[in-house]
Amino acid sequence: MFSVFTKLKWFFKENWGRYTTAVILLTVANIIEVIPPKIIGNTIDAIHTKELTTELLWNYIIALVALLFAAYIVNFIWQYQLFGGANVLQKDLRMKLMDHFLRMRPPFYERNRTGDLMARSTNDLQAVSETAGFGIMTLLDSTLYLGTIIIMMGVTTSWKLTLAALLPLPLLAIALQQIGKFIHKRYTISQAAFGELNDSVLEAVEGVRVVRAYVQEREMEKQFAQKTEEVVEKNLRVSRVNGLFAPVSKFITAFSYVIGLGYGAYLVSINDITVGSLVAFNVYLGMAVWPMMAIGELINTMQQGNASLDRVSETLNEKEDVPNPKERKVVQTPTTIRFNDVSFQYPLSKSLNLKNVNIELHRGETLGIVGKTGSGKTTIVKQLLREYPHGEGDVEIANEAIQLQDKEQVLNWIGYVPQSHILFSRTIRDNIRFGKPDATEEDIARAIRMANFEDDLKRLPDGLDTMVGEKGISLSGGQKQRISIARAFIRNPEILILDDSLSAVDAKTESRIIDNIQNERKDKTTIIVTHRLSAILHAEKIVVVDDGEIIQYGTHDELVRQPGWYQEQFKLQQVKGGE
């Protein structure tokens, strides 16, 4: 149960000052809190023996007020330190998770559902945070505080009465330990169900347009209601076990009261203890109720925190699918890009997705990659983006294998515009500047001009300050594409990759963007993946891909004269006006 503290020792080591202060002051607060019952008992004894004077009464009152103020100050400081530490832990783990998510590659997200990752980043982190705050408090209360109360009861009243009243405690410990085992198992199951619910919500929200188009609102509601019922049922199973803590604690604690009152009254009758001592003892016994219940709360918190920390650690411990090499080759400029007999297979694929691909591209050249849908065009590009582990053969940049180079260095050379255009819920300016945070207004204007977005910008209500909405929902497909292209242009990258990024614009707009690329990127490398051949007529090299293999290679003039897919597609698109 307490292994969660061992797993968090790195955090306690980093914040030892905060937790040392909290533990010491919490101990001091516990000592302060057990003094007033003794003062009350002495006051009752003084009244019973008629020895209470005005001066003595005022001394007792002043002592109680002083203890009250001391307890207030000490309690404020230890709570601030302890629960502040819990918030720091949650922040640190959240930062670690975010950093981990940003470093991981597509295979990681193929293995893990987004909803489950969200659950681990929210509910699970909250449970771990409670362990470092409320958990430590209940640990100290159920040990040091309870121990202090027992010592005061034994020293100031009677050891015989104390031992008798505490006889039920072992039963409480055994019962709560058994309940804790059920908590751990059921809580893990409930958190997994919550992750599945998150997934279903994400799918419904992201696909709301499709849901409405196919009139599936009621069906989605039905599925969501079913998922919700499953989560509720699993959480109720946890709550049913949780609900046993308080009744069991109170039931066993009641036995302590019965023993304390019955046996205490007998000791008073034989003059073994005074009436004031019995009153003080019962106050102490009342104070001991919380530490006894804290044992249950401690087990509950530890089990939930342990289960959640295991889930978080499971995510953080996943290794990078594409790690940086230990000894990295330094390349100053990507003068060449070369594919040497490259073969590749996706982790979930049953056959090769690329087969013996050979391409050579020099700085300043444009490469066009074409082929039918699903032929492997984007898969070639992903080899440069290092999204998956290295396959067979070599991808080289400047005559050095790409897997021996620093990933960040390679990606810093690349400006990538993917098929699915992801825009953030910010202004158009912020989305374009995302590619270069320190970009000037002149840089932004140049990128907009190259992406042929000037006329559209004038029609938007707030120009560059127009909010695009979540994932660019307020913009058309063509506008989203051109903002994504401008985001890549603003970096002026050594290698520009357009992955079917002109599919949503008309032929005239496409022609202007291609002209801008030709004029502005004469000394830079460009790779264009497309299904419209008009976008690559100017390319120095064109490859036709089919089923992961390059079946044609050459310039436009060479390929258009060769019988095959390229010639047929070019004639077809000419007839259709370039579409």
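Partner aspartates and glutamates whose Cα lies under 12 Å from the Cα of LYS377, excluding those fewer than 8 positions away in the same chain, are identified as ASP499, ASP500, ASP546, ASP547, GLU549. Going from the residue with the fewest nearby Cβ atoms within 10 Å to the one with the most, VAL560, VAL268 rank VAL268, VAL560. Peptides 391-403, 5-17 ordered by packing proxy, namely the average of other Cβ atoms within 10 Å per residue, highest first: 391-403, 5-17. Remark: the stretch 93-98, residue by residue, has Karplus-estimated 3J(HN,Hα) of 5, 5, 5, 5, 5, 5 Hz, where x stands for each Gly or Pro and the curve is 6.51 cos²θ - 1.76 cosθ + 1.60 at θ = phi - 60°.
Please report the relative contact order for the stretch 336-575, taking Cα pairs under 8 Å with a sequence separation of at least 6, and give it as a percent rounded to a whole number. In percent, rounded to a whole number, it is 28. A convex hull fitted around the alpha carbon atoms of the stretch 1-137 yields 130 Å³ per residue. Expressed as a fraction of 2.2 N^0.38 Å, the C-alpha radius of gyration for the stretch 480-579 is 1.09.
When the helix-only estimate is applied to the chain (DSSP H runs of n ≥ 4, each -39,500 (n - 2.57), divided by the residue count), what is the mean residue ellipticity at 222 nm, nearest 500 deg cm²/dmol? Could you put the intermediate results ahead of the total?
Details: 25 runs with 357 residues, N = 579.
Value at 222 nm, helices only: -20000 deg cm²/dmol.
Shape index of the stretch 336-575: Rg/Rh, with Rg the Cα radius of gyration and Rh the Kirkwood radius from the inverse mean 1/r over Cα pairs, equals 0.97. Dipole magnitude for the chain: computed about the Cα centre from +1 point charges on Lys and Arg Cβ and -1 point charges on Asp and Glu Cβ, it is near 580 debye.
Loop-only check: which chymotrypsin sites (Phe, Trp or Tyr not before Pro) in the stretch 368-450 are DSSP coil with at most 14 other Cβ within 10 angstrom?
Answer by residue number: PHE424.
Across the chain, the mean sequence separation of Cα contacts (distance under 8 Å, 6 or more residues apart), normalised by length, yields a relative contact order of 15 percent.
Taking 8 Å as the Cα distance limit and 6 or more residues as the minimum spacing, I'd like the relative contact order of the stretch 3-316 as a percentage.
32 percent
Ranked by the mean number of other Cβ atoms within 10 Å per residue, highest first, peptides 519-528, 141-150, 328-337 order as 141-150, 519-528, 328-337. Ranked by the mean number of other Cβ atoms within 10 Å per residue, highest first, peptides 444-455, 220-231, 88-99 order as 444-455, 88-99, 220-231.
Given the chain, what percent of its DSSP beta bridges are antiparallel, to the nearest 5? Show your work: numbers first, answer last.
Working: 19 of 38 bridges.
For the chain, the DSSP antiparallel bridge percentage is about 50.
Which whole-number percent of Cα pairs in the stretch 225-375 have a distance greater than 22 Å? Pairs farther apart than 22 Å: 74 percent.
No lab work stands behind these numbers, since they all come straight from the coordinates. Owing to the predicted nature of the structure, the values given are computational and were not obtained by experimental measurement. Please note: Cβ atoms are built from the backbone with ideal geometry, for glycine as well, and neighbour counts cover all protein chains shown.
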